[in-house]
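The structure appears below as structure tokens.
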Amino acid sequence: MSGAGRRHDGHVSRPSELVDELADYYDFLARHLPFSELPPESLARAVRSLEVTYHRSGDTLFKVGDAVPSLSVVRKGAVDVLSEEGRLIEREGEGECFGFAALLTEGVARREARCVEDTLLYALPSSTFHELRAQHPRFDRFFGIAHESRLRHGVEEDDGGAGGLMAHPVKALLQRPDVVTVTPEVTVRAAAELMTEQRVSSVVAVDAEGRIVGILTDRDLRARVLARGVSAELPVAEVMTKDPVRVEADERALEALLTMTRHRIHHLPVVDEGQVMGMITGTDLLRVQAAHPVYMVGEINKQTDVAGLARSTRRMAGVVQRLAQASVRAAEVGRLVTFVADAVTERLITLAEEELGPAPARYAWVGLGSQGRNELGMSSDQDNALVLEPGGQAHDAYFLELAQRVNHGLAECGFPLCTGEVMASNPQWRQPSTQWAEYFRAWIDTPSTQALMNASVYFDMRTVHGDDALVRDLRRPMLERAQRNDRFLATLARSAVEYRPPLGFFRQFVLDEGGEEGKALDLKHRGLAPVVSLARVYAMATGSEEVETRERIRDARDRGGLHAKDAASLLDAHAFIAQVRLRHQADQLAEAKQPDNFVSPDSLSAFERSHLRDAFKVVADLQRGLEYRYKTGMLG
């Protein structure tokens, strides 16, 4: 077609002979992936095959088991893709596609698609869809990645996001970005020199096409060359292990360990589509096990001083990096980081009591804020307090010394002192349970600005060490009092909608000051904090005793305080925002930078930006719902 080509700005220029209506379709698709990857002739062919359909909000487009004859593209409106249980999988907006999962398999829907707004759709017939996939690899790759992402999301939901690294792909554990290879013809001496130079214990022999034909290890050099007096000038092919056992890159690390054990080998080449991409050793797998938080806690419990604890926790950054690389969910990483912080706290208390003597009164050391919610991140400081038995303030000298030792010990172990003095070493937060009860009564009955700030920290209280009965007896009447006080709940709701997600008109990101480039998305204060606040309001309004954000949402749903669909959407939004932050912080740790919460949109893929907008919209919609429910704008 003459007259078709690409403009200087990278967009596809449409063929001149397209009629006006089709030209509009063409221009729209050309602005959105993956259609923007198509050459003009192919995009024009796709446009000519489109069927345009209109649907009302609430219409079901297809259900589980229905035949899906076409790929759908949202021109205007929004469509939810739901699991059989009604859980939100994806929310598709303008320019986004759905239905491809069925087209890539047997053509039958495994999800339900339902309009959540009046929606205009472009339907691309399956025959055209498959032709474009066959002819254009980048177009095909887009749907392959999206389908894999959805499958991975489903697996994570099914397995509960297990945090054990042995359950994750071998490729996530590779220590080197490449592998040292030789040809079978090189001499044993040259191979040994290369191993020494590269500081590796093996080399892989590959043929001209890059396929593995053998492996030579340092053990082979000892047993087959030195021990037998074989000439080092022989080719590697004479002494290598031919056609070695190997593992696919996507196999679980556990399977790799079992394979090594079964075959009594120490080196295992990692391959992807027949090509060698790395080498994993028994030492690598043992290092993975030893670096898991569960093993770290075992080491922490053996330490006899603060210096030893600091050495044990120094590996935490590397553990978080590896967990993120293994696609462990952010919620699970938060629990594991908190697990380590709890263990360090308990060990510091034990060491302090060994020197100071047994505590003279019952007490509970409590974690507050993100530690209380089991949601510590790599940029979190410490928030803690002491709840003493009635009359325990008479022994304040002892508890002050205990608190100071633990707070400063935590700081040495990588959990910074709280700049707001929300710590047990502050006498205000080292009080008997009777005083704590008075604190909560005042915050609930007279909810001032400061009271709401306190509520965001102290209502997320969890016992880390000591007598949990002191905390349980404190929390129950506090929650009952809060649930009965509509004024307090309304004021708490107003606080929950104060920080809005960073979305402006036309779903554009609103950037805040922060980060290396000066302007970025603040995923803590404008992303995660609003979800945490919403969950706290829902929980307190229903009398839930849960503390973790995700459990609060689920419990509020089960108690009838939150619609099941809204709960599912909020859980998904929280998970996605947290995952983006986790990957950002893992990247910073890999570059030896201090992790923060400021993410530049330019560092995100188009897929991530789109889904982040959807997550922010979910939060904003629920904030508006809370405003309406509690009429927060009418509060003085």
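Looking at (1) more than 25 Å from I89 (Cα to Cα); (2) out of contact with any helix residue (DSSP H, G or I) (no Cβ under 7 Å at 6 or more places or on another chain); (3) at pLDDT below 80, which one does M166 not meet, given that it meets all the others?
(2)
So which of A564, A573 is among the aliphatic types (A, V, I, L, M) and either free of Cβ contacts under 8 Å to residues at least 24 places away in the same chain or open to solvent by 20 Å² or more (accessible area, probe 1.4 Å) (or both)?
A564
Scanning for something surrounded by fewer than 19 Cβ atoms within 10 Å (Cβ to Cβ) and modelled with pLDDT under 95, does the stretch 533-545 turn up at least one residue?
For the stretch 533-545, residues surrounded by fewer than 19 Cβ atoms within 10 Å (Cβ to Cβ) and modelled with pLDDT under 95: present.
Quick check on this structure: which one of V337, V294 is at pLDDT below 90, open to solvent by less than 10 Å² (accessible area, probe 1.4 Å) and of a type in the set (V, I, T)?
One residue alone meets the criteria, V337.
Might you let me know whether the stretch 546-557 holds any residue that is within 14 Å of L622 (Cα to Cα) and surrounded by fewer than 24 Cβ atoms within 10 Å (Cβ to Cβ)?
Taking every residue of the stretch 546-557 in turn, at least one turns out to be within 14 Å of L622 (Cα to Cα) and surrounded by fewer than 24 Cβ atoms within 10 Å (Cβ to Cβ).
Can you pull out every residue in the stretch 341-361 that is surrounded by 24 or more Cβ atoms within 10 Å (Cβ to Cβ), aliphatic (A, V, I, L, M) and either under 29 Å from the mean Cα position of the chain (by Cα) or closer than 30 Å to V170 by Cβ (or both)?
Matches in the stretch 341-361: A341, V344.
Looking at the stretch 599-614, is at least one residue of a type in the set (S, T, N, Q) and either assigned to a loop (DSSP other than H, G, I, E, B) or within 21 Å of S380 (Cβ to Cβ) (or both)?
Yes: one or more hits.
Per-residue answers, yes or no, for (1) farther than 28 Å from A482 by Cα; (2) modelled with pLDDT under 95; (3) open to solvent by 30 Å² or more (accessible area, probe 1.4 Å); (4) not small (G, A, S):
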site	(1), (2), (3), (4)
R581	yes, yes, yes, yes
A592	yes, yes, yes, no
V599	yes, yes, no, yes
A606	yes, yes, yes, no
A615	yes, yes, no, no
G625	no, yes, yes, no
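Name the residue, out of A317, A364, that is of a type in the set (A, V, I, L, M, F, W, C), in a strand (DSSP E or B) and either open to solvent by less than 40 Å² (accessible area, probe 1.4 Å) or free of Cβ contacts under 8 Å to residues at least 24 places away in the same chain (or both).
A364
I'm checking my understanding of the structure. Among residues of the stretch 1-44 that are of a type in the set (D, E) and within 38 Å of the chain's Cα centre (by Cα), which one is modelled with the lowest pLDDT?
In this case the residue turns out to be D9.
Would you tally the residues in the stretch 299-314 being in a helix (DSSP H, G or I), farther than 17 Å from T338 by Cβ and open to solvent by less than 40 Å² (accessible area, probe 1.4 Å)?
Selection size over the stretch 299-314: 2.
Can you pull out every residue in the stretch 226-253 that is part of a helix (DSSP H, G or I), surrounded by 14 or more Cβ atoms within 10 Å (Cβ to Cβ) and at pLDDT 90 or above?
V236, A237
Give me a count of the residues in the stretch 374-421 that are among the hydrophobic types (A, V, I, L, M, F, W, C), assigned to a helix (DSSP H, G or I) and open to solvent by less than 50 Å² (accessible area, probe 1.4 Å).
Total satisfying the criteria: 6.
For the stretch 585-592, check the following and say yes or no: at least one residue is out of contact with any Phe, Trp or Tyr (no Cβ under 6 Å at 6 or more places or on another chain), touching a residue at least 24 places away in the same chain (Cβ under 8 Å) and acidic (D, E).
Taking every residue of the stretch 585-592 in turn, none turns out to be out of contact with any Phe, Trp or Tyr (no Cβ under 6 Å at 6 or more places or on another chain), touching a residue at least 24 places away in the same chain (Cβ under 8 Å) and acidic (D, E).
Pairs under 8 Å by beta carbon, first residue open to solvent by 70 Å² or more (accessible area, probe 1.4 Å) in the stretch 112-135, partner of a type in the set (G, A, S) and assigned to a helix (DSSP H, G or I), six or more apart or different chains?
Note: pairs meeting the criteria are Q135/S42.
Under 25 Å from A590 (Cβ atoms), assigned to a loop (DSSP other than H, G, I, E, B) and in contact with a Gly (Cβ under 7 Å, 6 or more places away or on another chain): does that describe V200?
No.
Any idea which residue in the stretch 444-472 is farthest from L534 (Cα to Cα), counting only those that are outside any loop (DSSP other than H, G, I, E, B) and touching a strand residue (DSSP E or B) at 6+ places or on another chain (Cβ under 7 Å)?
G466
Is it the case that Q371 is crowded, with 23+ Cβ neighbours inside 10 Å, touching an Asp or Glu at 6+ places or on another chain (Cβ under 9 Å), touching a residue at least 60 places away in the same chain (Cβ under 8 Å) and not in a loop (DSSP other than H, G, I, E, B)?
Yes, satisfied.
Among the residues of the stretch 402-425, write down those that are without any contact (Cβ under 8 Å) to a residue 40 or more places away in the chain and under 9 Å from D381 (Cα atoms).
Listed by number, the residues that qualify are A411, P416, L417, C418, T419.
Condition first: closer than 18 Å to F35 by Cα and in a strand (DSSP E or B). Now tell me which residues in the stretch 71-119 satisfy that.
Listed by number, the residues that qualify are L71, S72, V73, V74, R75, K76, E92, C97, F98.
Of all the residues that make up the stretch 627-636, how many are out of contact with any helix residue (DSSP H, G or I) (no Cβ under 6 Å at 6 or more places or on another chain) and modelled with pLDDT under 85?
Of the residues in the stretch 627-636, 4 are out of contact with any helix residue (DSSP H, G or I) (no Cβ under 6 Å at 6 or more places or on another chain) and modelled with pLDDT under 85.
Listed residues M195, M279, M260; which is without any contact (Cβ under 8 Å) to a residue 40 or more places away in the chain and either loosely packed, with under 15 Cβ neighbours inside 10 Å or within 21 Å of K171 (Cβ to Cβ) (or both)?
M260
The values are calculated or read from the model by the stated rules, or taken from the named source; none is laboratory data. None of these values were measured; they are calculated from a predicted model. Using ideal geometry, Cβ is built from the backbone for each residue, glycine included, and neighbour counts are taken over all protein chains shown. The protein model used for the area step is the full one, side chains on, heavy atoms only, and it has no ligands, DNA or RNA in it. Shrake-Rupley method; radii C 1.70, N 1.55, O 1.52, S 1.80 Å.
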